[in-house]
1. Tell me, please, whether a residue that is modelled with pLDDT of 95 or more, more than 23 Å from residue 28 (Cβ to Cβ) and within 16 Å of the ligand (Cβ to nearest atom) can be found in segment 62-76.
2. In segment 48-61, which residues are free of Cβ contacts under 8 Å to residues at least 40 places away in the same chain and within 8 Å of the ligand (Cβ to nearest atom)?
3. From the residues in segment 1-47 that are part of a loop (DSSP other than H, G, I, E, B) and away from the ligand (no atom under 14 Å from the Cβ), which one is surrounded by the most Cβ atoms within 10 Å (Cβ to Cβ)?
4. Select from segment 180-207 the residues that are assigned to a loop (DSSP other than H, G, I, E, B) and touching a residue at least 60 places away in the same chain (Cβ under 8 Å) and list them in ascending order.
5. Of all residues in segment 135-167, count the ones that are over 21 Å from residue 93 (Cβ atoms) and surrounded by 20 or more Cβ atoms within 10 Å (Cβ to Cβ).
6. Look at segment 63-90 and say how many of its residues are farther than 14 Å from residue 6 by Cβ and out of contact with any helix residue (DSSP H, G or I) (no Cβ under 9 Å at 6 or more places or on another chain).
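The values are calculated or read from the model by the stated rules, or taken from the named source; none is laboratory data. Quick caveat, the model's predicted, so the values are computed rather than measured. Glycine gets a Cβ as well: all are built from the backbone with ideal geometry, and neighbour counts include every protein chain shown.
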Ligand SMILES: N[C@@H](CCC(=O)N[C@@H](CS)C(=O)NCC(=O)O)C(=O)O
């Protein structure tokens, strides 16, 4: 088996990179990572060496290059079937794929007004009708999946799945921007933040030297509840 290499952006800011990294950690497959800091003079040239889309994340497996977060997660589910990255039950798996695709293609209000930032707390910033509508939908989605599929563990489909990897950066956004969550949301956020892989990613993010978002002044340093 060839060694996998995941090419990612800054851990503090690249939410798309966090998702397959968490899935890869969960798979147990050994991998190397190459971190390319975003918004630097050589960023585009460096990403172009690894990703035909000019975006990270990208995964290299021998002569295969897989780009785009969800495609990478799907690939990992195929090469590491024992990791159970999708729920076993076909019905649950279909819903897990639906909520993952919904995250991947939607929630523009949330992504635009509440960018992931694992270095800062900005309670109150970014709250507007678009982001609030997305927040309501996310909380409803978490409640519905937990209620229907969550009996076997604290994650959306019980045990950790790609759906949780997709929503992990939403959890950190809710913390950074002081989003009020219901009880189900708070418990789910705690489960995600308690994952050893998540702790490792957040610690590395906080130690990074780069700052990207200088326009809004943080009111504190990111701390998971
Ligand atoms: N749909 C893509 C989105 C990837 C994306 O937008 N990545 C950003 C970083 S989070 C990027 O590479 N931006 C290029 C740049 O900032 O130069 C995915 O799911 O992987």
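1. There is no residue in segment 62-76 that is modelled with pLDDT of 95 or more, more than 23 Å from residue 28 (Cβ to Cβ) and within 16 Å of the ligand (Cβ to nearest atom).
2. Step one: list which residues in segment 48-61 are free of Cβ contacts under 8 Å to residues at least 40 places away in the same chain, which gives 48-49, 52-55.
Within segment 48-61, 53, 54, 55 meet the criteria.
3. Among those residues, the one meeting the criterion is 29.
4. Initially, segment 180-207 is screened for residues assigned to a loop (DSSP other than H, G, I, E, B), giving 180-182, 195, 207.
Once the filter is applied, which keeps residues that are assigned to a loop (DSSP other than H, G, I, E, B) and touching a residue at least 60 places away in the same chain (Cβ under 8 Å), segment 180-207 yields only 195.
5. Residues meeting the conditions: 1.
6. 5
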